[in-house]
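Right, one structure below, let's go through it.
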Amino acid sequence: MSGFALSAVLVVAIAAVLAVRVRAVMRSEVGARRGAAPGKGHHVLKSEYFSGGGGGGETTEYTVPRDPQEYARLFVPKDKRKAEK
C-alpha cells in the first residue's frame with residue numbers, strides 16, 4: 001500500500017470513529033434537561049482564568065437570577081424599561 005492510500009484509509013477510519021462517537025453523544029442527550037430549574041433566588045457562577053505564561057490569573061463571580069423573566073430583564077436597556085409596578 002502506498003503512503004497516500006494508507007493516509008486516506010487512516011483519514012476515513014478516524015472520520016468513521018468520530019461519526020460514531022458524535023452519534024452516541026447526541027443520542028445520550030436526547031430529552032436531557034439543560035440548564036438550571038427556574039425558581040426564586042440567585043445562582044452564583046464562577047469564572048476562573050489562569051495564564052499559562054506565568055502571568056497570573058483572575059477569578060470572577062457573577063450573580064444571576066433563577067427566574068427567567070428577571071434574567072431577561074437584565075438585557076433590556078434602562079431607558080427602554082417600562083415603569084415597574
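Every number here is computed from the coordinates shown, using simple stated rules; none is lab data. Keep in mind that what you see is a predicted model, and the values were worked out from it rather than measured. So basically every Cβ, Gly included, is an ideal-geometry build from the backbone, and we count neighbours across all protein chains shown.
Using only alpha carbon positions, build the gyration tensor of the chain, then give the equivalent ellipsoid semi-axes as the square roots of 5 times its eigenvalues, largest first, whole angstrom.
46, 23, 14
Can you list residues whose amide H is under 5 Å from His42's amide H, if they're 5+ apart or on another chain and H is modeled 1.01 Å from N?
Those lying under 5 Å, H to H, from His42 are Arg66.
What number comes out for the charge environment of Tyr49, summing +1 per Lys or Arg and -1 per Asp or Glu over other residues with Cβ under 15 Å away?
-2
For the chain, run through the GluC sites (Glu not before Pro) and keep only the ones in DSSP coil with at most 13 other Cβ atoms within 10 Å of their Cβ.
Passing sites in the chain are Glu29, Glu84.
What do you get for trypsin sites (Lys or Arg not before Pro) in region 28-58 restricted to DSSP loop and a cutoff of at most 13 other Cβ within 10 Å of the site's Cβ?
Sparse-neighbourhood loop trypsin sites (Lys or Arg not before Pro): Arg33, Arg34, Lys40.
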